[in-house]
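Colleague: My questions will all concern the structure given below.
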Amino acid sequence: MARAQLFVLAQAAFAMFTIADDVTQKPKKILDTVMSPEYIPPEEKHGSYWKKSAATTLKSKLKETINTNKAKNGILFIGDGMSLATVMAARTFAGQMERGLGEDNILEFETFPVTGLARTYCIDAQVPDSACTATSYLTGVKTKFGVIGLDGNVTRGSCYSQLHKGNWATSIGQWALDNGLDVGFVTTTRVTHASPAGMYAHTSERNWESDADVPEEDLALGCQDIAYQLIMNNPGRQFKVIMGGGRKEFFPNTSTLSAKSTGMRLDGVDLVEKWHEDKMRKNATHQYVTNRDDLMKIFSSDDLPEYLLGLFNDDHMEYHLKANNQPTLEEMVEVAIKMLNSSAKGYFLFVEGGRIDHAHHDSYARLAFDETVEYAKAVKKARSLTNEENTIMVVSADHAHTMTVAGYPSRGNDILGSVDTAKGYDGKPYTTISYANGKATSIGSDGRIDVTKQDGFQNGALDFSYPSLVPLDSETHGGEDVAVFALGPWQHLFTASYEQIVIPHLMAYAMCLTEDKHENLILVSVNTRTLYKEQHNTSTSYFDEKNKDHWKIQAQSVLKNKGRAL
């Protein structure tokens, strides 16, 4: 009997050991992650806190009224590459820099009352570049990858396509000038780069920034580079404010710009001198500046010039965290608004935070987030200097990037650190921020590289490239929609989901820049699509995406539908 009992006990013990061993060996599912935040605000643990928060938001929403004033001024902010993931990460980064948890932080433009979503594809590309998107949000026309200020009836790099004025798409900057408004733009990139070029250039190749970039046979045909178009042609030569980088595109290659740089132009033309001569002929006061000190002298002056050209670096402006005697985007915006405010009829200002995009291309997440925070500061400054009763302000992005915020880190975990709650199946930690593709080598001979052991990660180096799955020489854009934030007259038009080309048309409507005036919102006097059919005896299928009219009609349709909803 005793032996039988011992046998049973032994069997039971073996079973328990086996079960325990199974439990320890069973892989933990990622959804079983237990969070371990260092701190949770005590009030957030109570349901009443969140109910009160919701009630406050609702109360604020109910107080909102529809503003149908004519917008005297318009400001379009574009955060180049500012995906929604970038907004979330940058807001968290900013909050943590201020010693907060981060997740509950709010960037200035996130307080705007109206938000929509814009679709960003080119007519020939699922994932866009900054050239076709600049054409979309500045001219209201979708076009091909790499093309600026031309419709889809072009071939990239074809001079013949560029010379045919029937293919040209004019920008909202031109529309504003046609209505007597002053116009300017500010960017942290070269002023000849794809985004700002959408304000004034018509080029079949975005890389033709100076004549040195244009093939000789195309120059012989009469195709002009982007810098030349800015200074010598309308509307660029009419802009009251031009600020950014890119000095080398404006000077001959025989000109010494700095100890390490010369001009690029092969035609021997000094475009800054040409700009000066043009303003002299107009008998207009003007100033050319190259650094922050000189810009601040102008800002502090009681006698502002009528025209301002600021070229603050030979190439793109330096990243904010690396800059020396270079104005911030916030400072450039403040100077621009101070100058443009002198216009009795109003103004249109385009502002680009362009280096968010460049940091992402190198997978420099820390720099991308800081550039986004600087961009938000510029928005805040513009908001403080304008009146939402007469100024329509729109904040958006041209396209997304492949950066993700992933894993299950605890709240308050360093957004630029590694996930604190788990490791990968390979036993190695992984970062919250990563890229679908990019320049960082993430896989070695022993499998995935533990980047947390690298000096750049541990030291928070500005040029540390975060891990990427697919190795490329440069991280690519992403194809998802971008957010559109709106504040001011007719802000309610910017809700819902729409093509990116609608943005300038909605702004122009609020500012009464086109034939679509406020009083015609609901009853459009002429249906362009029907009129075209009657004149050309063709079906609406003729309206393909290569033609400017196709996109204009889409924008008119959106306006008409929004009018019915009022």
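Colleague: Hey, got the dipole for segment 126-214? About the Cα centre, +1 on K and R Cβ, -1 on D and E Cβ, debye to the nearest 20? If you can, show how the numbers build up before the last one.
Modeller: Values: 6 positive and 8 negative charges, 48 e Å.
Result for segment 126-214 is approximately 240 debye, rounded to the nearest 20.
Colleague: Could I ask something else about it? Okay, helix-only estimate at 222 nm for the chain: each DSSP H run of n ≥ 4 adds -39500 (n - 2.57), divide by all residues, round to 500 deg cm²/dmol; what do you get? Kindly include the intermediate steps, with their values, before the conclusion.
Modeller: On the way: 18 runs with 196 residues, N = 566.
After summing the helix terms and dividing by residue count, I get -10500 deg cm²/dmol.
Colleague: Along the charge dipole of segment 369-443, which of ALA376, PRO409, ALA422 sits closest to the positive end, that is, farthest toward it, with unit charges on the beta carbon of Lys, Arg, Asp and Glu (+1, +1, -1, -1)?
Modeller: ALA422
Colleague: Continuing with this model, one more query. Can you work out the accessible area per residue across the chain, with the rest of the protein chains kept in place, probe 1.4 Å, in square angstrom? All intermediate terms of the calculation are to be shown ahead of the outcome.
Modeller: Numbers: 25880 Å² over 566 residues.
Here the residues of the chain average 46 Å² of exposed surface.
Colleague: So, one more: With both partners inside the chain, how many of the DSSP beta bridges are antiparallel, as a percent to the nearest 5?
Modeller: Details: 21 of 60 bridges.
Bridges in the chain are about 35 percent antiparallel.
Colleague: For the charge dipole of the chain, defined by +1 on Lys and Arg C-beta atoms and -1 on Asp and Glu C-beta atoms about the Cα centroid, which residue among SER474, PHE494, ALA94 has the Cα displaced farthest towards the positive pole?
Modeller: The residue sitting most towards the positive pole is PHE494.
Colleague: Continuing with the same structure: Which of the cysteines found in the chain have nothing to pair with, since no other Cys Cβ lies under 4.7 Å from theirs?
Modeller: CYS512 - these cysteines have no disulfide-compatible partner (Cβ-Cβ under 4.7 Å) in the chain.
Colleague: Could you let me know the centre-to-centre spacing of segment 29-55 and segment 244-284, using Cα atoms, in angstrom?
Modeller: Each part reduced to its Cα centre gives a spacing of 57 Å.
Colleague: Within the accessible area of segment 334-458, what % is carbon and sulfur when the probe is 1.4 Å and the other protein chains stay in place?
Modeller: Details: 2120 of 4520 Å².
Exposed carbon and sulfur together represent 47 percent of the surface.
Colleague: About its Cα centre, what dipole magnitude does the chain give when the only charges are +1 on Lys and Arg Cβ and -1 on Asp and Glu Cβ, stated in debye to the nearest 20? Numbers along the way, then the final one.
Modeller: Details: 57 positive and 71 negative charges, 356 e Å.
Roughly 1720 debye, rounded to the nearest 20.
Colleague: With an 8 Å cut-off on Cα pairs and a minimum separation of 6 or more residues, tell me the relative contact order of segment 440-504 in percent. Please list the in-between numbers first.
Modeller: On the way: 27 pairs, mean separation 16.6, N = 65.
Relative contact order, segment 440-504: 25 percent.
Colleague: Okay, next question. Given the pairs LYS63/LYS552; LYS297/LYS322; LYS70/LYS381; LYS240/LYS380; LYS322/LYS377; LYS322/LYS439, which span a C-alpha to C-alpha distance of over 25 angstrom in this model? Walk me through the numbers on the way to the answer.
Modeller: Numbers: LYS63/LYS552 34 Å; LYS297/LYS322 23 Å; LYS70/LYS381 22 Å; LYS240/LYS380 22 Å; LYS322/LYS377 17 Å; LYS322/LYS439 21 Å.
Too far apart for the 25 Å limit: LYS63/LYS552.
Colleague: Separate question: Would you mind checking which residues have amide H under 5 Å from GLU352's amide H? H placed 1.01 Å from N; only 5 or more apart, or other chain.
Modeller: ILE78, VAL186, THR187, THR188
Colleague: Can you tell which of LEU311, GLY447, VAL127 lies farthest toward the positive end of the dipole of the chain, using +1 and -1 charges on the Cβ of basic and acidic side chains (Lys, Arg; Asp, Glu)?
Modeller: Result: VAL127, furthest along the dipole toward the positive end.
Colleague: Can you give me the relative contact order of the chain as a percent, contacts being Cα pairs under 8 Å and 6 or more apart? Let's see the in-between values first.
Modeller: Details: 1154 pairs, mean separation 129.8, N = 566.
Relative contact order of the chain: 23 percent.
Colleague: Quick check: at a probe of 1.4 Å, how many percent of the accessible area of segment 141-297 sits on carbon and sulfur atoms? Intermediate results must be reported in sequence, preceding the final value.
Modeller: On the way: 2790 of 5950 Å².
The computed percentage sits at 47.
Colleague: In addition: Å³ per residue of the Cα convex hull, for segment 38-122? Provide the component values of the computation, followed by the final result.
Modeller: Working: hull volume 14.4 nm³, N = 85.
In segment 38-122, the Cα convex hull volume per residue is 170 Å³.
The values are calculated or read from the model by the stated rules, or taken from the named source; none is laboratory data. All values derive from a computational prediction rather than experimental measurement. Note that each Cβ is placed from the backbone with ideal geometry, even for glycine, and that neighbours are counted across all protein chains shown. Note: areas computed on protein heavy atoms with side chains; ligands, DNA, RNA excluded. Shrake-Rupley method; radii C 1.70, N 1.55, O 1.52, S 1.80 Å.
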